[in-house]
Amino acid sequence: MFAFTSIKEYHSFLASNPSGCSVAAKHYLGKIEENKHLNAFLEVFEAEALQRAAQLDADKLAGKPLGKLHGVIVALKDVICIKGHKVGAASKILEGFTSIYNATATEKLLAEGAIIIGRNNCDEFAMGSSNENSAYGAVKNAIDNSLVPGGSSGGSAVAVQADLCMVSLGSDTGGSVRQPADFCGVIGFKPSYGRISRYGLIAYASSFDQIGIFSKTMDDTALVLEVIAGADNFDSTVSVKPVPEYSKELSTTKKYRFAYFKEALEHEGLDKEIAAQTKAYLETLKSQGHTVEPVDFKLLPYVVPTYYILTTAEASSNLSRFDGVKFGYRAELKKGDDLTALYKKSRSEGFGKEVQSRILLGTFVLSSGYFDAYFTKAQQVRRLLCDTTNEIFKGYDAVISPTVPTTAFKIGEKSDDPIAMYLADIFTVFANLVGIPAISIPLFKHSNGLPFGLQLMTGHFEETTLLQISSMMMGKR
Ligand code: GLN
């Protein structure tokens, strides 16, 4: 019986199993089939995965050099392009659309020998915190099928949670990797803005979007990051900073300086037990010799509104390309319908409710009479947040907070209350607003039986420190 613990261990298993990649591929295909009810996959590349596994086994037998991710079974959120495969952002508007190229992240995974096993369900256009906004139905949390897995990368989180793949990629615009990781009890990592290419990632809000990684061990997160990070001629927002070998730099014995936001831990919407366990953990860190100090975060009440003004503005522009002409879905027209009717009908029928309301909100905040009152104001808040961030990281290595104010909620519980849903993002959107790396690590268990995470954030491009601290915390409790 095949069992996966980490990529490193898997590679030692492969050393003594000439058809190990095929064994692993079959194992995961079986697991996906068994767990179909979770709705984590929109499509499984069964034949292709088996064929590639056989090829990788043959390459190894022939003594060819092996990639860092040789035979690693990966699943990708349905916003990351895979050449020759459908990609749809879980939206009806992209129904039937096939990608003609690989995202840079996909290309890099394949170049290091990964096997892509399928594409994961998600909230439509990555908009949501519960995965209920998919045109293909909600994803279920594997711990309790009546609960949401979080969103928007819920399918990718569940794929790792329920052992349907080894690692998966999602996208994180305001918490969409960290929040579902928290709800599912796995690791969810978002790098600095500009660390991983967005080429081939379907855009939601381009100045926020980053590809992120789900895994069960820090070694795996670090290894996947070093493979997919780095400069790219196809995305000028990616940094040319060299990519460290993160996976070789994880061990640390340093004593760190941690800050935490008082306002976050005292927030009225924060579950009491999450607050208590997080505070107790801060005490543990102190007893281990680290410095842990509160810092003011007076801007906390503004982060969610700022995030929703700026991301919807960017989304309204990004999603204007889905017009019924260039991609996917086109409405049926009646005699006499003109071009405007084609646009209106295609977009009204093709986009789901949440996406439509965000396009409307984004269009509103960009409209001439309101631009300064909303968009410009929000940009100013973003600037202030960046200044605050730079100040904080002059004195501290990392900021600690809960990842989400509650544990996973019931499917349907918040679907009629957008404000309650948006508040699920209160602790995560900050990192995207300022572009710093952040992670959720599954350190805690609530008395309701559900897991929850600790969020850590470091300064720009301080991924090594973030991964080191996370490994230290995951290893030593
Ligand atoms: N939940 C947030 C939203 O709905 C975050 C989404 C994301 O990170 N893609 O916008």
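See the values below:
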{"quantity": "Set of aspartates and glutamates with alpha-carbon distance to LYS262 below 20 Å, sequence-local pairs under 8 removed", "calculated": "ASP271, GLU273, GLU283, GLU293, ASP296, ASP387, GLU391, ASP397, ASP425"}
{"quantity": "Rounded Å value of the spacing that divides the Cα centres of segment 58-91 and segment 422-461", "calculated": "28"}
{"quantity": "Segment 148-231: C-alpha gyration tensor shape, a/c 1.5 cut-off, then a/b vs b/c", "calculated": "oblate"}
{"quantity": "Sites LYS241 and LYS335, calculated FRET efficiency, Cβ-Cβ separation with R0 60 Å, nearest 0.05", "calculated": "0.55"}
{"quantity": "Equivalent ellipsoid semi-axes, the chain, via Cα gyration tensor eigenvalues times 5, rooted, Å", "calculated": "31, 31, 20"}
{"quantity": "Cross-link table LYS26/LYS86; LYS8/LYS255; LYS216/LYS445; LYS140/LYS353, entries beyond 25 Å C-alpha to C-alpha", "calculated": "LYS8/LYS255"}
{"quantity": "Reachable aspartates and glutamates from LYS248, criterion Cα separation under 12 angstrom, eight or more residues apart if same chain", "calculated": "ASP219, ASP220, GLU226"}
{"quantity": "Kirkwood-based Rg to Rh ratio, segment 104-154, C-alpha trace", "calculated": "1.11"}
{"quantity": "Accessible area expressed per residue, the chain, with surrounding protein chains retained (probe 1.4 Å, Å²)", "calculated": "39"}
{"quantity": "Whole-angstrom gap from segment 97-176 to segment 206-234, using each part's C-alpha centre", "calculated": "14"}
{"quantity": "Accessible surface, 1.4 Å probe, highest first, among residues ASP323, ASP416, ASP296, ASP144", "calculated": "ASP416, ASP296, ASP144, ASP323"}
{"quantity": "Accessible-area composition of the chain, carbon plus sulfur, in percent [1.4 Å probe]", "calculated": "54"}
{"quantity": "Nearby aspartates and glutamates by direct alpha-carbon distance to LYS64 (threshold 15 angstrom, same-chain neighbours under 8 apart not counted)", "calculated": "GLU112"}
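The values are calculated or read from the model by the stated rules, or taken from the named source; none is laboratory data. The model shown is predicted, which means the values in this text are computed figures rather than measured ones. Methodologically, a virtual Cβ is constructed for each residue, glycine included, from the backbone with ideal geometry; neighbour enumeration extends over all protein chains shown. Surface accessibility is based on the protein's heavy atoms, side chains included, excluding ligands, DNA and RNA. Shrake-Rupley method; radii C 1.70, N 1.55, O 1.52, S 1.80 Å.
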